[in-house]
Amino acid sequence: YRVNNKVCYKFDVEGRTTGMFRRMMNIKDRWLSYVDTTSLLPQIAYREIREANYRLWETTTFKQGNDSLKVEYKKKPKDAYKPEFYKSPKSIHDIVSAYFYLRNIDYSKMNIGERVKVNAFLEDTVYPFEVIYKGKEVLKTEFGKVHALKLTPDMPNNDLFDGKESINIWLSNDQNRVPLKVEAKMFVGAVEMDIEKYEGLRYPLNFAK
């Protein structure tokens, strides 16, 4: 895709509640990001949030060269979009592009405990956080044991996640960097996400014997 005269990847993420939990809170969120294939920085990001009675439509346009960004949002379908402008540090990410960026780091040259700095923008705030490399593990999945890398974001104070190291992420330890598992401790409970299937990988998945 070409966005802002940049050749971009398109990442489309959807999250929704299922089963019994859906009766407690019906959630259907969509996150969309167009990411420059050269710099791996976002050009435009979209959010469509449907959580119980709450609604949000949002578009964020990143001015990577000007250290600024524009957010346009509305909370009702018939409303006009409201624009807001923010200053931002260089190399700013949205949440989706930040995750992809972490998949492209060469962790083979890192020691356990080393940190990667990432600036991410969400809603009206720039979050300067660091991701801690926790080392290698063998992770049990639905399709076998896989060699994995473990990462833990050092989270800033926020109203959603419980503690500075409340999220753990596992990626396959190969050239694919497949997201295998995410654990998150939240103020309202805990969430665990496990991969169920994969397809179309460029390289063989690194299974453990």
Fill in: Selection status of residue 62, touching a residue at least 60 places away in the same chain (Cβ under 8 Å), within 16 Å of residue 94 (Cα to Cα), open to solvent by less than 60 Å² (accessible area, probe 1.4 Å) and in a strand (DSSP E or B)
no
Of the residues in the stretch 95-109, those that are without any contact (Cβ under 8 Å) to a residue 40 or more places away in the chain and within 8 Å of the chain's Cα centre (by Cα) come to 98
Exception for residue 122 within (1) over 29 Å from residue 49 (Cβ atoms); (2) open to solvent by 30 Å² or more (accessible area, probe 1.4 Å) falls at (1)
Over the stretch 184-199, the set of residues modelled with pLDDT under 90, within 18 Å of the chain's Cα centre (by Cα) and among the aliphatic types (A, V, I, L, M) is 184, 186, 190, 191, 193
Checked the stretch 102-121 for anything farther than 17 Å from residue 155 by Cα and either among the basic types (Lys, Arg) or part of a helix (DSSP H, G or I) (or both); matches are 103, 107, 108, 109
All conditions in (1) exposed (fewer than 15 other Cβ atoms within 10 Å of the Cβ); (2) in contact with a Phe, Trp or Tyr (Cβ under 9 Å, 6 or more places away or on another chain); (3) not small (Gly, Ala, Ser) are true of residue 26 except (2)
Contact list, first residue from the stretch 6-21 and of a type in the set (A, V, I, L, M), second anywhere and outside any strand (DSSP E or B), beta-carbon distance below 6 Å, six or more apart or interchain, is 7/37; 13/96
Residue hits (the stretch 78-112; hydroxyl-bearing (Ser, Thr, Tyr) and surrounded by 11 or more Cβ atoms within 10 Å (Cβ to Cβ)) are 81, 86, 88, 91, 97, 99, 101, 107
Counting only residues that are at pLDDT below 90 and open to solvent by 40 Å² or more (accessible area, probe 1.4 Å), the stretch 125-157 contains a total of 6
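The values are calculated or read from the model by the stated rules, or taken from the named source; none is laboratory data. Just so it is clear, the structure is predicted and the values come from calculations on it, not from any experiment. In this analysis, Cβ positions are derived from the backbone assuming ideal geometry, glycine residues included, and neighbour counts consider all displayed protein chains. Note: accessible area is taken over every heavy atom of the protein model, side chains too, but ligands, DNA and RNA are not part of it. Shrake-Rupley method; radii C 1.70, N 1.55, O 1.52, S 1.80 Å.
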